[in-house]
Amino acid sequence: MTEQQWHPGNLLQLSGSYWQAFALHAGVKLDLFSLLAEGPQTASQAAARIGTQERSLATLLNALGAMGLVHKNGDRYAAAEGARRFLAKSSDAYIGHIIMHHHFLSTSWARLDEAVLSGESLRR
């Protein structure tokens, strides 16, 4: 096994990788991938269906687009193939419930330093 060669670039990439996980968690929690699997939607259409504001949803959709989970064509967003297959509830291969489990664990992981210092579990 080769030892990882750490440098500021890959350390900062690792440190900031949480935003991708939380964007994914938000998309799953809002059931956005199921909606986009039905067909392309504008941010306005999707926001109306979800019950949120267009601007904030467009920001999330663009983040998911940067990750390759959503494709944007003009002003319409659609779920990428992998997102349709694994993140739309209509799929037999849906894994959103596991992703939501990870989401619920994230609060405890964010407080790992407190658990180490206290020697106590932070979970109830």
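The values are calculated or read from the model by the stated rules, or taken from the named source; none is laboratory data. Predicted, not measured: the structure shown is a model, and the values here were computed from it. All Cβ positions, even for glycine, are placed from backbone atoms using ideal geometry, and neighbour counts span all protein chains on display. Please note that ligands, DNA and RNA were not included when accessible areas were found on the heavy atoms of the full protein model with its side chains. Shrake-Rupley method; radii C 1.70, N 1.55, O 1.52, S 1.80 Å.
Assuming charge only on the beta carbon of Lys and Arg (+1) and of Asp and Glu (-1), the dipole of the chain about its Cα centre is about 300 debye to the nearest 20. For segment 46-124, the set of GluC sites (Glu not before Pro) satisfying both a DSSP loop assignment and a count of at most 16 other C-beta atoms within 10 Å is given as Glu120.
Overall, the accessible surface of the chain at a probe of 1.4 angstrom is composed of carbon and sulfur to the extent of 55 percent. Give the distance, in whole Å, between the Cα centre of segment 1-36 and the Cα centre of segment 63-124. So the separation of the two Cα centres works out to 9 Å.
Between the beta carbons of Gln5 and Leu112, assuming R0 = 41 Å, the FRET efficiency works out to 0.95 to the nearest 0.05.
Counting only protein heavy atoms and using a 1.4 Å probe, the accessible area of Asp75 comes to about 100 Å². For the residues Val116, Val70, a 1.4 Å probe over the protein chains yields an accessible-area ranking, largest first, of Val116, Val70. Pop the C-beta distance of Asp75 and Ala21 into the FRET formula with R0 = 30 Å and round what comes out to the nearest 0.05. Plugging the Cβ-Cβ distance into 1/(1 + (r/R0)^6) gives 0.65.
Note on His97/Thr42: beta-carbon distance plugged into 1/(1 + (r/R0)^6) with R0 of 35 Å gives a FRET efficiency of 0.80. Just one of (1) 14.6, 46; (2) 15.6, 50; (3) 17.3, 53 is Rg and Dmax of the Cα atoms in Å as worked out from the coordinates here. Which one is it? Given (1) 14.6, 46; (2) 15.6, 50; (3) 17.3, 53, the structure-derived one carries the label (3).
When the chain is described by a simple charge dipole with +1 on each Lys and Arg Cβ and -1 on each Asp and Glu Cβ, the residue from Phe22, Ala79, Ser44 located farthest towards its positive end is Ser44. The residues of segment 32-124 have, on average, 65 Å² of accessible surface per residue, using a 1.4 Å probe with all protein chains present.
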